[in-house]
Amino acid sequence: MTGPAFAQPVEPDGPAELQARPGYREPVAGAHPSYTVESARPEGFEPQVGAIAFSPDGKFLAVTSFPPLNGFNIHPNGTLYILENPTATDPSQIIVHEIAKTTYHPLGAHWNEDGLFILDRDQITKWTDTNDDGIPDDFRTFASGWKSDNFHSFSFGLPYHDGYFYGALSTNLHLSRRERATLVAGEGIAGRINERDRNTIGGNAPNPAHRGCIMKVDAKTGEIEWIAGGLRTPNGIGIGPDGVVLAPDNQGDWKPSNGIYAVRGGEFLGKYNCTASTSFYPDGGVPSLFSEKEPTPPAVWLAQNEIGNSPAQILLIPEGQPYAGHLLIADNTQGGVHRIYMEEVNGVWQGTAFRHSMGFEAGPHRLAWGPDGCLYVGSMGQGSANWGWNLTKFGLERMRPTGQTVFEYSKIETTAKGFRVSFTRPVPASQLGDPSQWLIDAWTYVPMPFYGGRKREAYKVTPSQVIVAEDRTSVELVVEDRRPNFVYHIRIDAVSDDGEKMWSPEAWVTFHNAPSE
């Protein structure tokens, strides 16, 4: 299958803009006021974090690290560390144990009573403690059965839910001549590299089975079920509200922008794997799983270079934290952590993305809640514009709750007639009730076989009615023309009753379905 027919672009005609400032058309100014950012690594420990996981008793933190250099490497390139006393407020009191250098692109971890599970490129290993000191020191292969034969063949995970781990595989990109030569030399493949390998559309190269899929792994037996297909680079799969599996995916071929997909099983998520014949795949690549079905769009679009660039770990906010029940998502290239509010309407997940935090030492990559109530942020980079932020390479920090609130959007919900926008503080009715104060434009995306895509079918939105709640902390915007799979970019330069400007006055709402009256 080659995918759907192309559509012609429509140039957007955006409304007048607010004045750019931190939080609007720019990153927010540092950490969100409800948290402070502090170091969680001793001096000299400089991990390029691929995964993090706390032990069940909270006394240890597993950290995997590897240099994210582009290119095919046939040798293990990752290190597993165990941090003892990881919640110490004085980083010098954290003890680092180097366990092994036998991992290969370790991009997933989960630690439970059965052991520490690490997801590598082509297997899940189970690490156990053989001398009862609390530190895993021996491993065996727990699950395997997929092939990684390309520099872009990553494996991401491992969130746990109801007896299962979940992981996701990226798809192949075409190799350079040097990379092909390395692969040929390393695996003893005979023959000259075929020039046609370079000419697949948009960098999309043939794949073996299961690439671009989500796997569901029995946490006791290691048995694998492949439950969805059509992803490109799902770097940071997680579990969302009501146990829904969430797969953030990165812009690329067949992916016009970044997005967060809600997965129940059996979905095709949009990327048609290349089936061309090459010297590595003389019989052609394997099609995407479930690609005979209509593509399922993202539950939440993350507009490229606005609220997403390289989305990574997505993590549910637990009870006791600000915005419990919402989600946080790291972005490795934008350099921050964003907040996501999701809702299920008539069986369909959709939601809104908000700016949240900056102020990290490198590009956030992995997130985990600690036993101390802090959010731990592992960062990585390669010192360039790819795989990282601001030319930085390493970082391990914690976000400690302050109890402080900030004036911002609390959530945006879909109503039968429009959108209900809620704030953390009351706003004068003269601002909320004036339709001219609201700037809204909308657009959709059309998947193409080449890299990325522009906004399509863009149009301006003016609410036909603005209904202000009595307490002035929310407003319903009545929007007559709402279109499924469109992004509604909502902005208001509001000031609260106590004179505070908004932390970030813009939000990106993905609309699929409206509730009944």
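Please list, in order along region 263-273, the HN-Hα scalar couplings obtained from phi with the Karplus expression 6.51 cos²θ - 1.76 cosθ + 1.60 (θ = phi - 60°), rounded to whole Hz, x for Gly and Pro.
The phi angles translate into 10, 9, x, x, 8, 9, 9, x, 9, 8, 5 Hz.
222 nm [θ] for the chain, helices only, -39500 (n - 2.57) per DSSP H run of 4+, per residue, to 500? List each step's numbers first, then the result.
Values: 2 runs with 15 residues, N = 517.
Using -39500 (n - 2.57) per qualifying helix, the result is -1000 deg cm²/dmol.
Ratio to report: Rg/Rh of the chain, with Cα atoms as the point set and Rh obtained by the Kirkwood method; give two decimals. Walk me through the numbers before you get to the answer.
Details: Rg = 23.0 Å, Rh = 23.7 Å.
That ratio equals 0.97.
Give me a comma-separated list of calculated 3J(HN,Hα) values for region 151-165, in order, Karplus coefficients 6.51, -1.76, 1.60 applied at θ = phi - 60°, integers in Hz, x for any Gly or Pro.
Calculated HN-Hα couplings, in order: 4, 9, 8, 8, 10, 10, x, 10, x, 10, 7, 6, x, 9, 8 Hz.
In region 221-284, what GluC sites (Glu not before Pro) fall in a loop by DSSP, with at most 15 other Cβ atoms inside 10 Å? Walk me through the numbers on the way to the answer.
On the way: sites: Glu223, Glu225, Glu267; in loops: Glu223.
Hits after loop and neighbour filter: Glu223.
Rank Pro447, Leu432, Pro401 by how far each Cα sits towards the positive end of the charge dipole of region 368-451 (+1 on Lys, Arg Cβ; -1 on Asp, Glu Cβ) and give me just the farthest.
My answer, from the dipole projection, is Pro401.
From the Cα gyration tensor of region 327-383, with a ≥ b ≥ c the square roots of its eigenvalues, which class applies: rounded if a/c is under 1.5, or else prolate if a/b is larger than b/c, or else oblate? Walk me through the intermediate numbers first.
On the way: a/c = 2.66, a/b = 1.68, b/c = 1.58.
Cα axes put region 327-383 in the prolate bin.
Scan the chain and hand back the longest stretch that contains none of the trypsin sites (Lys or Arg not before Pro) lying in DSSP loops with at most 11 other Cβ atoms within 10 Å. If you can, show how the numbers build up before the last one.
Values: sites that count: Arg192, Lys220.
For trypsin sites (Lys or Arg not before Pro) (loop position, at most 11 other Cβ atoms within 10 Å), the longest site-free span of the chain is 221-517.
Given a 1.4 Å probe, how much area per residue of region 316-467 is accessible, in Å²?
Value for region 316-467: 34 Å² per residue.
Before I look further, what does region 102-174 give for accessible area per residue, probe 1.4 Å, in whole square angstrom?
On the way: 2560 Å² over 73 residues.
Per residue, region 102-174 has 35 Å² of solvent-accessible surface.
Greater than 19 Å separation of Cα atoms is the criterion. Which listed pairs, Lys255/Lys455; Lys101/Lys126; Lys255/Lys411; Lys126/Lys216; Lys216/Lys255, meet it?
Lys255/Lys411; Lys216/Lys255
What percentages, rounded to whole numbers, describe P(r) for region 291-410 computed over all alpha carbon pairs with 10 Å bin width beginning at zero?
Using 10 Å bins, I get a P(r) of 13, 41, 32, 12, 2 for region 291-410.
Could you work out what % of the accessible surface of region 221-379 is carbon and sulfur, using a 1.4 angstrom probe and leaving DNA, RNA and ligands out of the count?
Values: 2120 of 4310 Å².
Result for region 221-379: 49 percent of the exposed heavy-atom area is carbon or sulfur.
Determine the share of region 425-491's accessible area contributed by carbon and sulfur atoms, expressed in whole percent, with a 1.4 angstrom probe.
Carbon and sulfur: 50 percent of the exposed surface of region 425-491.
Starting from the amide H of Ala494, placed 1.01 Å from N in the peptide plane, find each other amide H under 5 Å away whose residue is 5 or more places distant or on another chain.
Here the answer is Met502, since their amide H atoms fall under 5 Å of that of Ala494.
Which ³J(HN,Hα) values in Hz, rounded to whole numbers, follow from the phi angles of region 106-117 under the Karplus curve 6.51 cos²θ - 1.76 cosθ + 1.60, where θ = phi - 60° and Gly and Pro get x?
x, 10, x, 7, 8, 10, 9, 5, 7, x, 9, 10
Which residues in region 329-356 have a backbone N closer than 12 Å to a point placed 7 Å from the Cα of Ser516 along the Cα-to-Cβ line?
The answer is 346.
How far, in degrees from 0 to 90, does helix 177-187 lean away from the longest principal axis of the Cα atoms of the chain, to the nearest 10?
So the helix axis and the longest Cα principal axis differ by about 40 degrees.
The values are calculated or read from the model by the stated rules, or taken from the named source; none is laboratory data. All values derive from a computational prediction rather than experimental measurement. FYI the Cβ positions are ideal-geometry reconstructions off the backbone, even for glycines, and counts take in every protein chain you see. Heavy atoms of the whole protein, side chains included, go into the accessibility calculation; ligands, DNA and RNA do not. Shrake-Rupley method; radii C 1.70, N 1.55, O 1.52, S 1.80 Å.
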